[in-house]
Amino acid sequence: MQHRQASRRIGPFALTRTLAWLRLCAIAGQSVAVLVCALWMQLAIPLLPLLTGIGALAVFAVFAAWRLGQPWPVREWETIAHVAVDTLVLGYLLYFTGGATNPFVTLLLVPIALTAAALSVPAVLAVAALAGVAYLVLLYRHVPLPMPMHGGGFPLHVAGMGVNFVITALLLGFFINRLARALRVQQLEVQRVRERALRDEGILAIATQAAGAAHELNTPLSTMRTLLPELRREHARDAVLEEDLALLQEQVDRCRAILREMVAFGQAQLSQEAEQMPLQAFVHGCLERFQLLRPEAELTLDLPEAAARLELRVPAGLRHALINLLNNAADASASRDSDAVELRIRCDGGWLELAVRDQGPGFETEGNVALGRSGKQGGLGLGLALAEATAERLNGELTAANTPHGAQVRLRLPLAAIAAA
């Protein structure tokens, strides 16, 4: 979806949309010019054919506005067709008002300039050829522009050139600036996509290594799980050693459980089947896992009753993202000799917000900061990156900011992506 939106910001769609606005300006300006020349300046111009041409352009403007609202993409040839219609209507109006002698004939150059800013070289050549043919036809075949009854025609021509210069400067300056701004936005998006791809490539490499390590760890864990009961039976009379061996067996069982969770997580990713449960059950499951990892942490949960009953389709990775944020917060609080971690959950405006606060030193800069610059020592730097990747995959966002007592990281997800039907 983001790629489709980016492609619409520059290229055929952007130019067609620009032409639609330019066409409205042309209809208004042409109508005013024709009426002023016919009614105020009393020039003997063919009023009915001119208004007919302007009316035809207005009908095409309505069709173009409808076309821009349709979901299918705008092709380059279609944009050239829109330019051709505008050029032909302008040539038709110029034919009845002096042809190439009309000072407004240079408006034929505006579509060429706009096309050069948004389309390919063959398209620019096609539009330039069309404008050149129209100019040559108007040079030899046109209805002469009648001279005013009082005064010569040269002052009128000079005035028309001045008005034409102002109109051309405004049109080119405004609309080409819009196209250039759209191009800059697209370049920024391309840069963000490239950075995201590099980050995802690094995450994939780490995941591949983790899968290999999990496969290799399964064998020594199975061996330890087999030997530990025998050692406990042999040293049943040694109470101290028995206690240590029991603890060691619990840790081995815990490691095996973690490996099974990794396998189940990978299978869930492949099957794309989301687990369905209430928000309260999901949160408490994450907190139980977090308390096993960090039993010393003093966790405060703020979960309103209305939000707790929300039924979720828990996507793969969301549980690990929340646990990573809580673990980072615990590390940040521990750096200031504190065990306090706060989890605040809100449902508002079609969004689920999970805010994790710590009592640590905060981020390096004030206000909203770049993720990954928490100043945490000894970490791998993956927690925030994994959480951010999960947020982007679900069309959400991950933001970080400093608070008076530490830092806060907010994970915002659209309910449309995670709420059960």
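Pull up region 395-408, narrow it to residues that are surrounded by fewer than 19 Cβ atoms within 10 Å (Cβ to Cβ) and in contact with a helix residue (DSSP H, G or I) (Cβ under 8 Å, 6 or more places away or on another chain), then point me to the one that is farthest from Thr300 (Cα to Cα).
Asn395
Would you point out the residue of region 383-421, among those that are closer than 20 Å to Leu343 by Cβ and assigned to a loop (DSSP other than H, G, I, E, B), that is modelled with the lowest pLDDT?
Ranking the qualifying residues of region 383-421, first place goes to Leu394.
Return yes or no: is Phe265 within 19 Å of Leu312 (Cβ to Cβ), open to solvent by less than 80 Å² (accessible area, probe 1.4 Å) and at pLDDT below 80?
So Phe265 passes the test.
Can you find, within region 1-32, the residue that is modelled with the lowest pLDDT among those that are open to solvent by less than 80 Å² (accessible area, probe 1.4 Å) and in contact with a Phe, Trp or Tyr (Cβ under 8 Å, 6 or more places away or on another chain)?
Among them, the one singled out is Ser7.
Being over 28 Å from the mean Cα position of the chain (by Cα) and part of a helix (DSSP H, G or I) is the filter; apply it to region 308-328 and report the residue that is nearest to Ala419 (Cα to Cα).
Ala308
If you go through region 281-293 one residue at a time, do you hit one that is in a helix (DSSP H, G or I), of a type in the set (A, V, I, L, M, F, W, C) and modelled with pLDDT under 80?
Checked region 281-293: at least one residue is in a helix (DSSP H, G or I), of a type in the set (A, V, I, L, M, F, W, C) and modelled with pLDDT under 80.
Conditions first: (1) out of contact with any Lys or Arg (no Cβ under 8 Å at 6 or more places or on another chain); (2) surrounded by 15 or more Cβ atoms within 10 Å (Cβ to Cβ); (3) not in a loop (DSSP other than H, G, I, E, B). Ala61 passes all but one, so which condition is the exception?
(1)
Within region 215-224, how many residues are surrounded by 14 or more Cβ atoms within 10 Å (Cβ to Cβ) and either part of a loop (DSSP other than H, G, I, E, B) or modelled with pLDDT of 80 or more (or both)?
1
Give the residues of region 64-88 that are in contact (Cβ under 8 Å) with a residue 60 or more places away in the chain, part of a helix (DSSP H, G or I) and among the aliphatic types (A, V, I, L, M), sorted by residue number.
Val83 - this is the single residue of region 64-88 that is in contact (Cβ under 8 Å) with a residue 60 or more places away in the chain, part of a helix (DSSP H, G or I) and among the aliphatic types (A, V, I, L, M).
Only one of these conditions is not met by Gly173: (1) assigned to a helix (DSSP H, G or I); (2) among the small types (Gly, Ala, Ser); (3) at pLDDT below 65. Which number is it?
Against the list (1) assigned to a helix (DSSP H, G or I); (2) among the small types (Gly, Ala, Ser); (3) at pLDDT below 65, Gly173 comes up short only on (3).
Whether any residue in region 228-237 is under 23 Å from Arg410 (Cβ atoms), modelled with pLDDT of 80 or more and among the aliphatic types (A, V, I, L, M) is what I want to check.
For region 228-237, residues under 23 Å from Arg410 (Cβ atoms), modelled with pLDDT of 80 or more and among the aliphatic types (A, V, I, L, M): absent.
Could you tell me whether Val143 is part of a loop (DSSP other than H, G, I, E, B), surrounded by fewer than 16 Cβ atoms within 10 Å (Cβ to Cβ) and at pLDDT 70 or above?
So Val143 fits the description; yes.
Quick check on region 82-104. Is at least one of its residues of a type outside the set (Gly, Ala, Ser), open to solvent by 30 Å² or more (accessible area, probe 1.4 Å) and within 29 Å of the chain's Cα centre (by Cα)?
no
The values are calculated or read from the model by the stated rules, or taken from the named source; none is laboratory data. Nothing here was measured: the structure is a model prediction, and the numbers come from that model. Backbone-built Cβ (ideal geometry, glycine too); neighbour counts: all protein chains shown. Heavy atoms of the whole protein, side chains included, go into the accessibility calculation; ligands, DNA and RNA do not. Shrake-Rupley method; radii C 1.70, N 1.55, O 1.52, S 1.80 Å.
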